[in-house]
1. Determine if region 145-153 includes at least one residue that is aliphatic (A, V, I, L, M), touching a Leu at 6+ places or on another chain (Cβ under 6 Å), in the same structural domain as Ser58 (by TED's automatic domain parsing) and surrounded by 15 or more Cβ atoms within 10 Å (Cβ to Cβ).
2. Is it the case that some residue within region 121-139 is free of Cβ contacts under 8 Å to residues at least 40 places away in the same chain, loosely packed, with under 13 Cβ neighbours inside 10 Å and part of a helix (DSSP H, G or I)?
3. Considering only residues that are of a type in the set (A, V, I, L, M, F, W, C) and more than 15 Å from Thr105 (Cβ to Cβ), look in region 52-81 and name the one that is surrounded by the most Cβ atoms within 10 Å (Cβ to Cβ).
4. Considering each residue of region 140-169, count those that are under 15 Å from Leu49 (Cα atoms), part of a strand (DSSP E or B) and touching a residue at least 24 places away in the same chain (Cβ under 8 Å), and give that number.
5. Out of everything in region 99-120 that is part of a strand (DSSP E or B) and aliphatic (A, V, I, L, M), what residue ends up being nearest to Thr38 (Cα to Cα)?
6. Do we find a residue being closer than 14 Å to Gly65 by Cα and polar (S, T, N, Q) anywhere in region 143-157?
7. Go through Ala86, Ala50 for me and flag whichever is modelled with pLDDT of 95 or more, under 30 Å from Tyr171 (Cβ atoms), assigned by TED's automatic domain parsing to the domain that holds Val153 and among the aliphatic types (A, V, I, L, M).
8. Would you pick out the residues in region 154-179 that are surrounded by fewer than 18 Cβ atoms within 10 Å (Cβ to Cβ), aromatic (Phe, Trp, Tyr) and under 17 Å from the mean Cα position of the chain (by Cα)?
Amino acid sequence: MKQVNRFIRSVTFLMLALLMFSVQAAYASTDPISSQSTPDLLIRKIMGLAYESQQSISSGPFSVGDSLKKVEKAWGAPEDLSTVAANYWSRNVRFLYDGSTGRKTITAIDDFDPQLQTIHLSMLKELIGEPLSEVEQEGMYYVTYTDYANYKVVFVFESAWIDPNPRLNMYTVEFAPDY
């Protein structure tokens, strides 16, 4: 009888151990990207597009360095045009361009997609790290990142004086500056 009880306990313990390991393995196999929040994914997308192609979320397929004429051919005339900027308000994007060149070369892209407001300053710093610079100017808080080779991204937040963890309003993608 003693051996039967010992056998039953051993089998029960073994089954519990196998169950624990199988559940743990199932949780470990889930895709880590899909379990992240939307702001994290947005930040990764912003930085990835800036690094790979100097694009913003809303500017694709157009990049810094492209011709504004190329944009106008594909998207039509801008909804608002000045001597330095072409605004496509319905697409949440502004192309800053050099009007002195015949092709109107795009020098920077402003993106103001409403979903950007889900990103807070603390999230950005936690995910990307310390920025190159942080400047409070005219009621806005500018946070700059660059890889010194491909891109410079300037994130524009609400004033940090009002809220120490402000929301993102927009961001700008440019070519990396020459340092």
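1. no
2. Within region 121-139, one or more residues are free of Cβ contacts under 8 Å to residues at least 40 places away in the same chain, loosely packed, with under 13 Cβ neighbours inside 10 Å and part of a helix (DSSP H, G or I).
3. If we take residues in region 52-81 being of a type in the set (A, V, I, L, M, F, W, C) and more than 15 Å from Thr105 (Cβ to Cβ), then Ile57 is surrounded by the most Cβ atoms within 10 Å (Cβ to Cβ).
4. Total meeting the criteria: 6.
5. Only one residue tops the list, namely Ile109.
6. Yes, there is a match, as at least one residue in region 143-157 is closer than 14 Å to Gly65 by Cα and polar (S, T, N, Q).
7. Step by step, each of Ala86, Ala50 is checked, and only Ala86 is modelled with pLDDT of 95 or more, under 30 Å from Tyr171 (Cβ atoms), assigned by TED's automatic domain parsing to the domain that holds Val153 and among the aliphatic types (A, V, I, L, M).
8. Phe175 - this is the single residue of region 154-179 that is surrounded by fewer than 18 Cβ atoms within 10 Å (Cβ to Cβ), aromatic (Phe, Trp, Tyr) and under 17 Å from the mean Cα position of the chain (by Cα).
The values are calculated or read from the model by the stated rules, or taken from the named source; none is laboratory data. Fair warning: this is a prediction, and the values are worked out from it, not measured in the lab. A quick note on method: Cβ atoms are made from the backbone with ideal geometry, for glycine too, and the neighbour counts reach across all protein chains shown.
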